[in-house]
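Each remark here refers to the structure printed beneath this line.
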Amino acid sequence: MAARLFKGAEYLITEATKDDVFTPEDFTEEQRQIAHTADQFVRDDVTPVLDRLEHQEPGLSAALMRKAGEAGLLMIDAPEAYGGLALDKATSMLAAERMGAAGAFSVSYAAHSGIGTLPLVYYGTEAQKDRYLSKLVTGEWSAAYCLTEPEAGSDALGGKTTATLTPDGKHYVLDGTKQFITNGSFADLFTVFARIDKKHFTAFLVERSTPGLTVGPEEKKLGIKGSSTTSVIFEGAQVPVENVLGEIGKGHKIAFNVLNVGRFKLGAAVTGAAKLAFRTGAAYANARKQFGVPIARFGAIQEKLADLTAGIFAAESLVYRLAGLIDDRLATIPKDTAGYYEAYQQGIEEYAIECAIAKVFCSEVLADVVDEVVQIHGGYGFIQEYPAEKYYRDERINRIFEGTNEINRLLVPGTILRRAMKGELPLQREAMKALEGLMTPSLDELDPSLPFAAERAVLGGLKKTFLVVSGAAVQRYAEGLKDEQEVLLALADVAIQIFAIESALLRAEKISPRLTESLRADAAAAVKVHTFAAVEKIAAAARRAAFYVAEGDTLTVLLGGIRRYTKYDATGLLPAKRRLAAAALESERYPL
Amino acid sequence: MPLKLLVTVKRVEDPESRIRARPDGTGIVTDGVNYKMNPFDEIAVEEALRLKEKHGGEVVVASIGGAAAMVELRAALAMGADRGLLVRHDGALDPGVGSALLQALVAQERPDLVLLGKQAIDDDQNQTGQMLAARLGWPQATFASKKESLESEAEQKKQPGVVLAADGGRALVVREVDGGVETLDVALPAVVTVDLRLNKPRFASLPGIMKAKKKEVREIPAASLGVELAPAVVVRRLFDPPRRQAGVKVADVAELWTRLHAEAKVL
Amino acid sequence: MSNVLVVAEQSRGTLRKATLSALTAAREVARRTGGTVSALVLGSGAAAAAEELAAHGVAVRLADAPVLAHPLAEAHAPVVADAARVAGASWIVTAATAYGKDLLPRAAVALGAAVATEVLAVAGEGAEILLRRPMWAGNVIAEVELRGTVKAFSVRPTEFAPAARAPGGSVTPLPVSVDAASLRTRFVELQEVKSERPELTDARVVVAGGRGTRGDFGPLSGLADDLGAAVGASRAAVDAGWVPNDWQVGQTGKVVAPELYVAAGISGAIQHVAGMKGAKVIVAINKDADAPIFQIADYGLVADLFQAVPALRERLKAG
């Protein structure tokens, strides 16, 4: 349990300490065993059949889902009364991360256990849970989530599927087409969103056997070819009224709340995928010889491995910090109360910003990893016989689904500003302070003898950067800022990178006393390498925003402030990179 | 007849970890090394669980080692074993001492069958089961295996490889020997050590892991068992094996044959 | 009393060759400690094996009795203990075969002896004998000391040259006092492997395939038949379900040390190398010139195995 419970986005205005964060090193023995079970499942049951999955062997995905169910991997988030284990989010993320190494099946798993199952857990009636949940947690049934339509992608609520009550009042008749439905070809239960009387956006639980429900052919995809993606077509599909999920007209709550968890889980899953791809890259660097030596000897390769290691370290730190935040908040809700899941939802909603950050940051770390792993392979990276090629293709979807990275980026400053305006976040007061700070000369001196002194110093400055620039943006556009997407995207980059830098830093501070000297130095190197790269990104994004929102003297003051607040003394950067690369090459895996 | 099964569980270095000797030869480099249950012991636990599922009874898992060995005991409990015994012993252990400590546990527990991995993948001794059987004066069946492949239907149905006679007093054990498979018929109580091909161990399910937390593990100080704890197999020094030097690349099959024939003289 | 007793292995009167490697190791110990070497042959109708062993210049005691017909440790161990006492042996040596590994630790308990298994070399200085043996699947070599008055070890046959024939041997019978009725182990059957091929761990030549076979082990099996070799596989090939589990060579599979190991289409992952790096001569055939297997191979051929292996078979036939 953290020392104090941070609110959503509070990290931007409050200094957190190492005792405020949960880290992967804090896992209990049971959680490690659960991770091990997931590893074994991937290694023994999934990896050997990946090729067969890739060719869409009928029945294989459903069989794997049942095996995942036997292993208990589908029980994590479900309540005990329905055969679940009601474990915390940290465990759920840990399992998702390990399953992230399962290639396309990772996507099937996430769709089933996340967006496929959670709406029922959170909003289902007892009767609905009795009927369906126990089948989903064992894997006897697979689940799919049907929100997207041909003309409603990012505009998730813009779907045209309709639901009409039959004259006898016993059924809703669903008509419409859902598209890009993961697990479509084999799912037994679909959570479908439709508008009742073309108005009230509502969720329905629809069984596969429902007459009028047909599943379209498999889409031919760029990547994750081993997962099933189909359209699901409703032509007069009669769904019993008992199968309305949640309240009529409140479907958007379900759609969006479940996406919070989905995004967060995706952050964990892609981190697992990144670790897998990294192994391949590190091993190849050791094995491949050019100019008579392994290419691992070259700085050009080492720098890639170092940068990727630092990125994965940050992604991991960020995901589990968020898991800790959510778990701590959920733990304050008394169980067995009527409004439990309502409060639970609000608890997760509190961190909608961090969930979006996890999705964007981690998926982009994976993108960097697979790209460089292909690059490390040179020409072989382009050849299908080597796994790098598949990692590269499989990665791409992660920046698109669960809300494109653009949608998620917009959501970050959008939500922050909305909360600030509602008075939930004292952003304006802090922005004023930061602005005043700009007018006074800096007296802070670094004490280089303190560990992470430079990172601590710059972190404070980065937060001020966000405050100053977003303050200027609000001043310029006021409420209209929500429509200035270029500005919002720039602000998002600043906020995202700050969360990542701080998460990695706090984790390193927390775990360092427990590490051997060598591992401690590795962690410090990861923090330095990551901080340097992230500060550069923040400075660029902040300057971009400054030019968008200001001119004349204001612009000059802003740019001066950005320059001052993004100063980072990265002395020792090259040795830090070489150290990380050496650790990665020695172990041929993500070394931390 | 319900069976009482005692299974050994040793904490060893993960075979996926890179193992090398410390430069001073006093041990191995443990930085970055993970630990897990000896894979052969995992097979022994699986066999015991299958026997229990078929015949009823109790599976007791035992480990000798430091406090950390609790992790592997919990892992065995998570697979489905009923309770654990941890003989606390922090010093060096050899098969002689190990088998003597196990003999003392057998005296306390009185199992029908003791199952052990044929060897631990750290010291690779392959002695403890045989020595335990000798100390107890029990029959032994080492390197237990199975005739069916690990892809067979029997394996899918998780049938035990060790077949008990109807009266429960004897067991048929198929064992891997050089050049074939031998079947032995041993009177119980007996000691069985298991080989790789006996079964494919289940992994702990999540409910199993959660239940294991509540299962009993009794700690027993090694010194309390009345066994001489000084090892008789003493490792004086460890070193990395000489690295094989890369040889030559041959141009074609003809050169390969010539070299193998005339130079290496292996063809 | 620092005599050395070799426990031989025979089957239906035929001496197993691994015993001659144990004899070599025993002589090395005796040379250092100043003792004499004798040997023990156990079985029923095993006289021919005893004579064959004696023809290598060693005094053989033959324990020949129906109760020893099958290689049951429960029956054989007390005879080994008796023979050790009779021979005044403070060292017992056998080959690290399935029989030796099963029997030796059981016999050692009766003698209060410490045991080292899979010994690769006899080290130490003078009368102080240290034994080198692999640990962690051969990733580390240990030099161990055995304490106590009686010591025992098994040797990896591939690491000691078989003793040559020599005069001066003899065979004397050893009375067997094991009571068949007291045995609680019964031999049921031995199902010999139908394969014409030798046991993987025993074979002089091993031909192994990996991912590069793409599931087609046909050419490799043909080469193995030509060479009288066993067939092995990498974990990748086993995991892919192409070949049975017991073909796996590696840290979690079998550890082999043949005279010749042909790795075709195997990249050479550490896991695999741990199981075969003890081979005398390693040949690697792989179309990827950068495969790590070439770093440990004595002879590397960069080629497609589907062309190179049939060509090699042709060349072999040509002689």
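Considering C:A89, C:A142, the condition of being within 8 Å of chain B (Cβ to nearest Cβ), crowded, with 22+ Cβ neighbours inside 10 Å and of a type in the set (G, A, S) is satisfied by C:A142 alone. In summary, helices (runs of 4 or more DSSP H) completely within segment A:290-385 and bearing 3 or more residues that are crowded, with 21+ Cβ neighbours inside 10 Å and of a type outside the set (G, A, S) occur at A:299-330, A:352-377. For segment A:241-261, filtering for residues that are surrounded by fewer than 16 Cβ atoms within 10 Å (Cβ to Cβ), in contact with a Phe, Trp or Tyr (Cβ under 7 Å, 6 or more places away or on another chain) and part of a helix (DSSP H, G or I) leaves 2.
From the set of residues in segment A:541-592 that are among the aromatic types (F, W, Y) and touching a residue at least 40 places away in the same chain (Cβ under 8 Å), which is nearest to A:A315 (Cα to Cα)? Once the filter is applied, the top-ranked residue is A:Y590.
Looking at B:D24, B:D14, B:D90, just one residue is under 19 Å from B:A104 (Cα atoms) and among the acidic types (D, E), and that residue is B:D90.
In segment C:140-168, the residues that are free of Cβ contacts under 8 Å to residues at least 60 places away in the same chain form Cβ pairs under 9 Å with partners that are surrounded by fewer than 20 Cβ atoms within 10 Å (Cβ to Cβ) and aromatic (F, W, Y), at six or more places apart or across chains, as follows: C:V140/B:F239; C:I141/B:F239; C:A142/B:F239; C:E143/B:F239. Taking into account only those residues within segment C:119-133 that are in contact (Cβ under 8 Å) with a residue 24 or more places away in the chain and within 18 Å of C:A161 (Cα to Cα), which is farthest from the other protein chains (Cβ to nearest Cβ)? Filtering first and then ranking leaves C:V122. The residue of segment B:98-122 that is nearest to the other protein chains (Cβ to nearest Cβ), among those that are more than 11 Å from the chain's Cα centre (by Cα) and crowded, with 24+ Cβ neighbours inside 10 Å, is B:S99.
For segment A:157-213, which strands (runs of 3 or more DSSP E) that fit wholly inside it have 3 or more residues that are over 22 Å from A:F256 (Cβ atoms)? Walk me through it before giving the result.
Values: elements: A:162-165, A:171-182, A:189-196, A:200-207.
By residue number, A:171-182.
Out of segment B:123-155, which residues are assigned to a strand (DSSP E or B), within 10 Å of chain C (Cβ to nearest Cβ) and among the hydrophobic types (A, V, I, L, M, F, W, C)? Passing the criteria: B:A141, B:F143.
Among the residues of segment A:386-397, some residue qualifies, meaning at least one is surrounded by fewer than 24 Cβ atoms within 10 Å (Cβ to Cβ) and closer than 24 Å to A:I254 by Cβ.
Please work out if C:A274 is over 27 Å from B:K146 (Cβ atoms), within 12 Å of chain B (Cβ to nearest Cβ) and either in contact with a Cys (Cβ under 6 Å, 6 or more places away or on another chain) or among the hydrophobic types (A, V, I, L, M, F, W, C) (or both). Step through it out loud before you land on a result.
Details: over 27 Å from B:K146 (Cβ atoms): no; within 12 Å of chain B (Cβ to nearest Cβ): yes; either in contact with a Cys (Cβ under 6 Å, 6 or more places away or on another chain) or among the hydrophobic types (A, V, I, L, M, F, W, C) (or both): yes.
Criteria not met by C:A274.
Condition check: among the basic types (K, R), buried (at least 22 other Cβ atoms within 10 Å of the Cβ), at the interface with another protein chain (Cβ under 9 Å from one of its Cβ atoms) and closer than 16 Å to C:A8 by Cα. Does C:R106 satisfy that? Against the criterion (among the basic types (K, R), buried (at least 22 other Cβ atoms within 10 Å of the Cβ), at the interface with another protein chain (Cβ under 9 Å from one of its Cβ atoms) and closer than 16 Å to C:A8 by Cα), C:R106 qualifies.
Being in the same structural domain as C:G169 (by TED's automatic domain parsing) and farther than 23 Å from C:A257 by Cβ is a description that applies to C:E51.
Okay, residues lined up against (1) more than 26 Å from C:L130 (Cα to Cα); (2) surrounded by 24 or more Cβ atoms within 10 Å (Cβ to Cβ); (3) outside the structural domain of C:P162 (by TED's automatic domain parsing); (4) of a type outside the set (V, I, T):
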residue: C:V7; (1), (2), (3), (4): no, yes, no, no
residue: C:S11; (1), (2), (3), (4): yes, no, no, yes
residue: C:A30; (1), (2), (3), (4): no, no, no, yes
residue: C:T33; (1), (2), (3), (4): no, no, no, no
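Exactly one residue among B:V235, B:V186, B:V191 is touching a Phe, Trp or Tyr at 6+ places or on another chain (Cβ under 7 Å) and modelled with pLDDT of 95 or more, and that residue is B:V191. Looking at C:A116, C:A81, just one residue is within 8 Å of chain B (Cβ to nearest Cβ), closer than 28 Å to B:E176 by Cα, touching a Leu at 6+ places or on another chain (Cβ under 7 Å) and in contact (Cβ under 8 Å) with a residue 24 or more places away in the chain, and that residue is C:A116.
From the list A:R419, A:R396, pick out the single residue that is in a helix (DSSP H, G or I) and assigned by TED's automatic domain parsing to the domain that holds A:A525.
Values: A:R396 fails: assigned by TED's automatic domain parsing to the domain that holds A:A525.
The conditions single out A:R419.
This table checks each residue for (1) surrounded by 16 or more Cβ atoms within 10 Å (Cβ to Cβ); (2) more than 7 Å from chain C (Cβ to nearest Cβ); (3) under 27 Å from B:P95 (Cβ atoms).
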position	(1), (2), (3)
B:K214	no, yes, no
B:E219	no, yes, yes
B:E228	no, yes, yes
B:V235	yes, no, yes
B:F239	no, no, yes
B:R243	no, yes, no
B:K249	no, no, no
B:W257	yes, no, no
B:H261	no, yes, no
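Count of segment A:39-67 residues, restricted to those that are of a type outside the set (S, T, Y), away from chain B (no Cβ under 11 Å) and in contact with a Phe, Trp or Tyr (Cβ under 7 Å, 6 or more places away or on another chain), is 4.
Here's the yes/no breakdown for (1) more than 10 Å from chain B (Cβ to nearest Cβ); (2) touching a helix residue (DSSP H, G or I) at 6+ places or on another chain (Cβ under 6 Å); (3) in contact (Cβ under 8 Å) with a residue 12 or more places away in the chain; (4) part of a helix (DSSP H, G or I):
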site: A:E15; (1), (2), (3), (4): yes, no, yes, no
site: A:D19; (1), (2), (3), (4): yes, no, yes, yes
site: A:T37; (1), (2), (3), (4): no, no, yes, yes
site: A:G72; (1), (2), (3), (4): no, yes, yes, no
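For the subset of segment C:187-227 comprising residues that are of a type in the set (S, T, Y) and closer than 23 Å to C:P157 by Cβ, which member is nearest to the other protein chains (Cβ to nearest Cβ)? My answer is C:T201. Restricting A:L165, A:L120, A:L136 to residues that are modelled with pLDDT of 95 or more, buried (at least 22 other Cβ atoms within 10 Å of the Cβ), over 30 Å from A:K390 (Cβ atoms) and of a type outside the set (V, I, T) narrows the list to A:L120.
The values are calculated or read from the model by the stated rules, or taken from the named source; none is laboratory data. Computed from a predicted model, the values in this text were never measured in an experiment. Backbone-built Cβ (ideal geometry, glycine too); neighbour counts: all protein chains shown.
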